[in-house]
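Down below is the structure, laid out as structure tokens.
Read-outs: derived from the displayed coordinates by stated rules, not from any lab. Just so you know, these numbers come straight off a predicted model, no measurement behind them. Heads up, the Cβs are rebuilt from the backbone with ideal geometry, glycines too, and the neighbour counts pull from every protein chain shown.
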Amino acid sequence: MSDQTNSFLGTEEQPSYTPTSDEKTMAILSHILCLVAGIIPPLIIYLIKKDESKFVEAHAKEALNFMITVLIVCFVLFISVIGILLIWAVGIAVTVLVIIATIKASENKLYRYPVSFRFIK
């Protein structure tokens, strides 16, 4: 893996091989379906495809770690009175970052979210 590009919107890398169109589709779905169904789609994709494709595994794992992080942040914000007012900002940030991750997956690049705990390694 080479050509790593960093920014405050995340990190992108070129994979060691060119993924197939099916791999690219599964990677895209692992990100974009998070906006609709939260943590469930990347978990299912990760469990099904982790042994078949390193590209899909990397994207699904990254989406899963990000969604777990978002759940924890939202829970902490929800239990604090002032944090309830900030949940909308988290929603906007999540939407923007998921769209960026989806675009990077469609460009055959590996993407790492900028603020994400690595629960699954």
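Some points to look at:
- The rule of thumb for compact globular proteins, 2.2 N^0.38 Å, goes into the C-alpha radius of gyration of segment 43-94 1.47 times.
- In this entry, segment 1-72 is assigned a mean projected area of 5.1 nm², taken as a quarter of its C-alpha convex hull surface.
- Non-local Lys pairs in the chain, i.e. 8 or more apart or on different chains, that have alpha carbons under 16 Å apart: 16
- Taking the fewest neighbouring Cβ atoms within 10 Å as the starting point, the ordered list for Lys104, Lys121, Lys109 is Lys121, Lys109, Lys104.
- Projected area averaged over orientations for the chain, convex hull of C-alpha atoms, nm²: 7.2
- Distant-in-sequence amide H partners of Gly38 (H built 1.01 Å from N, under 5 Å): none
- Ranking of Leu64, Leu77 by count of other Cβ atoms within 10 Å, fewest first: Leu77, Leu64
- Length available on full extension from Ile87 to Leu9: 0.36 nm per residue minus the Cα-Cα distance, which gives 26.2 nm.
- Span-like helix criteria (full DSSP H runs; alpha carbon extent of at least 18 Å along the helix axis; mean Kyte-Doolittle hydropathy of at least 0.5) are satisfied in the chain by 54-79, 87-106.
- Computed [θ] at 222 nm, helices only, for the chain once each DSSP H run of length n ≥ 4 contributes -39500 (n - 2.57): -19500 deg cm²/dmol
- Within the listed set Glu52, Glu62, Glu13, the Gaussian network model of the chain (springs between alpha-carbon atoms below 10 Å) gives the highest mean-square fluctuation for Glu52.
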